[in-house]
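Enquirer: Next up is a structure, given as structure tokens.
The values are calculated or read from the model by the stated rules, or taken from the named source; none is laboratory data. For clarity, every value in this text was computed on a predicted model and none was experimentally measured. Note: ideal-geometry Cβ built from the backbone for every residue, glycine included; neighbour counts use all protein chains shown.
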Amino acid sequence: MSIAHLLEDFSVHTSCGAVHLLDEEALEEQRLAAFEQGYGAGWEDALQTQEQGRNQLEADLTATLSDLSFTYQEALTRMTFSLEPMFQSLIETVLPETLERGFATRLTEQLSEMAREQVGQPMQLTVPVGASSQIEALLPQDPATAPQVIEDPALEPGQARLQVGTSRREVDCTALLASIAGAFDAYLFEAKEAVSNE
């Protein structure tokens, strides 16, 4: 008598008939195919996720750079407009006064340099009307070496002509101021154009 009736039956019974059991080699091939399919699907997901991450990073970087550019431009424009009154005051008041105070000193420096180049030659200094007393106060008091100072009504404040022998020079602080004012006006014009084009 067998004891099979006492043990649990592990055989497979289906309603569709006999079950085909795989041998080890076929089972290994099936496992390998399932692994490759899963690996391929995972690889595709990883590539897709990486591409999405790259696209998002590029979009974020572009937006950040655009914001930084706008912020920098806006800050630069605001700073320019806030400095406009100070620059106007500088060009209209401070620089002219500074140049006027240093005008006589500048002329004597230029004259001394020219005199070194042409020693013993007669010197002549032509200045605007009313500037001769300030200039003469800085010149040597010896009549033999002192330059002749002539006032010319055609010269504007800040202008002068120097002559030592055959060498001549012109000093024009007015043109310098006009050049500085023109450069600042052009800068402001460009800044306002940039704002209006945004």
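Enquirer: Is it true that some residue in region 105-122 is surrounded by 11 or more Cβ atoms within 10 Å (Cβ to Cβ), touching a strand residue (DSSP E or B) at 6+ places or on another chain (Cβ under 8 Å), at pLDDT 75 or above and farther than 24 Å from A181 by Cβ?
Expert: For region 105-122, residues surrounded by 11 or more Cβ atoms within 10 Å (Cβ to Cβ), touching a strand residue (DSSP E or B) at 6+ places or on another chain (Cβ under 8 Å), at pLDDT 75 or above and farther than 24 Å from A181 by Cβ: present.
Enquirer: Going by the structure shown, is F70 modelled with pLDDT under 75, surrounded by 10 or more Cβ atoms within 10 Å (Cβ to Cβ) and farther than 30 Å from E151 by Cα? Explain how you work it out, then say what you get.
Expert: Values: modelled with pLDDT under 75: yes; surrounded by 10 or more Cβ atoms within 10 Å (Cβ to Cβ): yes; farther than 30 Å from E151 by Cα: yes.
Spelling it out, F70 is indeed modelled with pLDDT under 75, surrounded by 10 or more Cβ atoms within 10 Å (Cβ to Cβ) and farther than 30 Å from E151 by Cα.
Enquirer: Kindly evaluate Q134 against the criterion of being polar (S, T, N, Q), more than 28 Å from A194 (Cα to Cα), modelled with pLDDT of 80 or more and assigned to a helix (DSSP H, G or I).
Expert: no
Enquirer: Please determine whether any residue of region 82-94 is surrounded by 12 or more Cβ atoms within 10 Å (Cβ to Cβ), among the charged types (D, E, K, R) and at pLDDT below 70.
Expert: No, region 82-94 contains no residue that is surrounded by 12 or more Cβ atoms within 10 Å (Cβ to Cβ), among the charged types (D, E, K, R) and at pLDDT below 70.
Enquirer: Taking E97 as the residue in question, decide whether it is within 30 Å of A175 (Cα to Cα) and either modelled with pLDDT under 85 or surrounded by 10 or more Cβ atoms within 10 Å (Cβ to Cβ) (or both).
Expert: Yes: the conditions hold for E97.
Enquirer: Please enumerate the residues belonging to region 158-188 that are small (G, A, S), under 30 Å from S82 (Cβ atoms) and either in contact (Cβ under 8 Å) with a residue 60 or more places away in the chain or not in a helix (DSSP H, G or I) (or both).
Expert: G158, A181
Enquirer: Can you report the number of residues in region 173-193 which are at pLDDT 80 or above and closer than 22 Å to E113 by Cα?
Expert: The total comes to 0.
Enquirer: Same structure, new question: Taking the conditions exactly as written (modelled with pLDDT of 70 or more, assigned to a loop (DSSP other than H, G, I, E, B), farther than 30 Å from L188 by Cβ and among the β-branched types (V, I, T)), does V129 satisfy them or not? Even if it seems obvious, please write down each step before you answer.
Expert: On the way: modelled with pLDDT of 70 or more: yes; assigned to a loop (DSSP other than H, G, I, E, B): yes; farther than 30 Å from L188 by Cβ: yes; among the β-branched types (V, I, T): yes.
Answer is yes for this residue.
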